[in-house]
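*Asks:* Dumping the structure here so I can ask a few things about it.
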Amino acid sequence: MPPFQTVLDEHSAAVMAILRGAVGKDGAEDCFQETFLAALRAYPKLVDARNLRGWLLTIAHRKAIDHHRANGRQPIPVAEVAEVAVENGMPEPDQRLWAAVGALPPKQRAAVALRYGSDLPHGEIAAALGCSPEAARRSLHEGLKRLRKELA
Amino acid sequence: MKTATDTAIDRLTARAAEEGLLDVAYATTDSPFGPLLLAQTRRGLVRVGLPNQDSDELLVDLAARVSPRVLEAPAELDEVRRELDLYFEGKLDHFDLPLDWRLSGGFRQRVLRAINRIPYGQTRSYTEMARKAGNERAVRAAGTACGSNPIPLVVPCHRVLRSGGALGGYGGGLPMKQALLELEGVLDEKSST
């Protein structure tokens with residue numbers, strides 16, 4: 001394994017960007033700490049150093065889900081959709097959508113988050129999930145189908 | 001200017017140290033000879049990289065031989081840096097730092113521990129170091145042990161010379177060895193050629 005500092009130098013900006021998208025600016029800092037502490041804990045036992053980015057993004061994704069759960073952000077039915085304030089031209093992440101993503105089965109949830117939250121190509125999603133690209137594509141497809149139904 | 005990610009990394013390093021996840025802390029520091037790499041474990045100082053050595057290679061080696069949990073953590077090395085600064089100013093003649101000897105084993109480690117007891121401003125021969133380590137005839141091996149010293153400067157392998165008084169070798173280059181001996185008042189600038 002390369003020195004952990006190298007991993008941090010190469011991937012910290014990407015992890016921070018993804019977490020900002022997933023949990024917003026305020027939660028991102030805490031999730032960042034949790035992500036890299038978990039990674040550091042597991043690092044000496046990691047057997048395959050070929051896809052460290054995918055590995056980190058998978059951990060970040062799990063920490064983002066934990067964050068949403070801990071904050072108890074459940075969708076609340078409303079008659080009208082409230083106007084959402086926009087900061088820096090970037091809309092805040094859609095809490096209802098994320099809650100639905102969080103409720104997906106683990107494989108589908110990870111595939112959706114890695115594809116749309118982290119913008120990973122199918123090959124890297126497969127590597128991060130430890131399955132074939134075909135299986136990754138299927139998980140993504142199933143996940144999206146379910147989301148469409150839930151949110152329709 | 002520090003970005004939010006830089007600040008987050010600083011906090012992460014501090015938390016890693018608190019939670020016992022920082023196996024190798026390192027920092028770089030300036031010296032009259034150029035930048036030094038300093039690396040420390042929970043046992044003590046484990047590696048000093050001299051200016052002519054490749055820091056990235058040393059860190060990769062530490063990751064392989066000690067632990068891959070290697071993080072840049074300058075605050076952890078404040079005391080090492082302070083003592084080295086004083087030494088280079090000629091204001092410190094004895095390092096009081098815990099050392100981690102794990103990168104050298106057997107005869108080499110015995111040679112290095114013997115070297116660590118040579119007082120400031122004095123020199124010894126490779127032959128004496130071989131004898132102190134328990135094998136007087138292993139002079140060449142004692143020379144190799146000096147050359148492979150993972151903690152140069154603090155473990156003063158620059159105080160070991162050839163039996164006739166010739167400088168011998170130095171991992172940081174002979175001009176550096178000569179300058180260190182001048183600093184310690186062993187050589188004056190005219191006599192050494």
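Just so you know, all these numbers are worked out from the coordinates, no wet-lab data involved. Computed from a predicted structure; not experimentally measured. For neighbour counting, all protein chains shown are included, and Cβ atoms are generated from backbone atoms with ideal geometry for every residue, glycine included.
*Asks:* Mind sorting B:THR41, B:THR13, B:THR7 by how few other Cβ atoms lie within 10 Å of their own Cβ, fewest first?
*Replies:* Numbers: B:THR41 18, B:THR13 23, B:THR7 11.
Result, fewest neighbours first: B:THR7, B:THR41, B:THR13.
*Asks:* Quick one: how many lysine pairs does chain B have with C-alpha atoms less than 30 Å apart and a gap of 8 or more or different chains? Give me the count, please.
*Replies:* On the way: B:LYS91/B:LYS132; B:LYS91/B:LYS177; B:LYS91/B:LYS190; B:LYS132/B:LYS177; B:LYS177/B:LYS190.
Close lysine pairs under the 30 Å cut-off: 5.
*Asks:* For B:SER125, enumerate residues with amide H under 5 Å from its amide H, sequence gap 5+ or separate chain, H modeled in the peptide plane.
*Replies:* Amide H neighbours of B:SER125, under 5 Å, 5+ apart: B:LEU161.
*Asks:* Run the numbers on segment B:52-193 and let me know its relative contact order in percent, using alpha-carbon pairs under 8 Å that are six or more apart. If you can, show how the numbers build up before the last one.
*Replies:* Numbers: 135 pairs, mean separation 28.8, N = 142.
Rounded, it is 20 percent for segment B:52-193.
*Asks:* Okay, moving on. Expected output is a single nm value to one decimal: the length gained when fully extending between B:LEU97 and B:ASP10, i.e. 0.36 nm times separation in residues minus the C-alpha distance. What is it?
*Replies:* In short, 28.8 nm is gained.
*Asks:* In what order do B:ASP85, B:ASP61, B:ASP78 fall by count of nearby beta-carbon atoms within 10 Å, going from fewest to most? All intermediate terms of the calculation are to be shown ahead of the outcome.
*Replies:* Numbers: B:ASP85 14, B:ASP61 17, B:ASP78 10.
Ranked by crowding around the Cβ, least crowded first: B:ASP78, B:ASP85, B:ASP61.
*Asks:* On a full-extension model of 0.36 nm per residue, what is the gain between A:CYS131 and A:LYS149, subtracting their alpha-carbon distance, rounded to one decimal in nm? It would help to have the intermediate numbers written out before the result.
*Replies:* Values: separation 18, 0.36 × 18 = 6.48 nm, distance 2.57 nm.
In short, 3.9 nm is gained.
*Asks:* Counting other beta carbons within 10 Å of each residue's own, what order do A:LEU129, A:LEU97, B:LEU45 fall into, fewest first? List each step's numbers first, then the result.
*Replies:* Working: A:LEU129 18, A:LEU97 15, B:LEU45 23.
With the sparsest Cβ surroundings first, the list reads A:LEU97, A:LEU129, B:LEU45.
*Asks:* Could you work out the mean count of beta carbons from other protein chains within 10 Å of each residue's beta carbon in B:63-71? Intermediate values should be presented prior to the final figure.
*Replies:* Numbers: counts 8, 3, 0, 0, 5, 13, 8, 9, 6.
Taking all residues of B:63-71 together, the mean is 6.
*Asks:* Sticking with this one: Which residue fluctuates most in the GNM of chain B (Cα springs below 10 Å): B:VAL66, B:VAL24, B:VAL111?
*Replies:* Highest fluctuation of the listed residues: B:VAL66.
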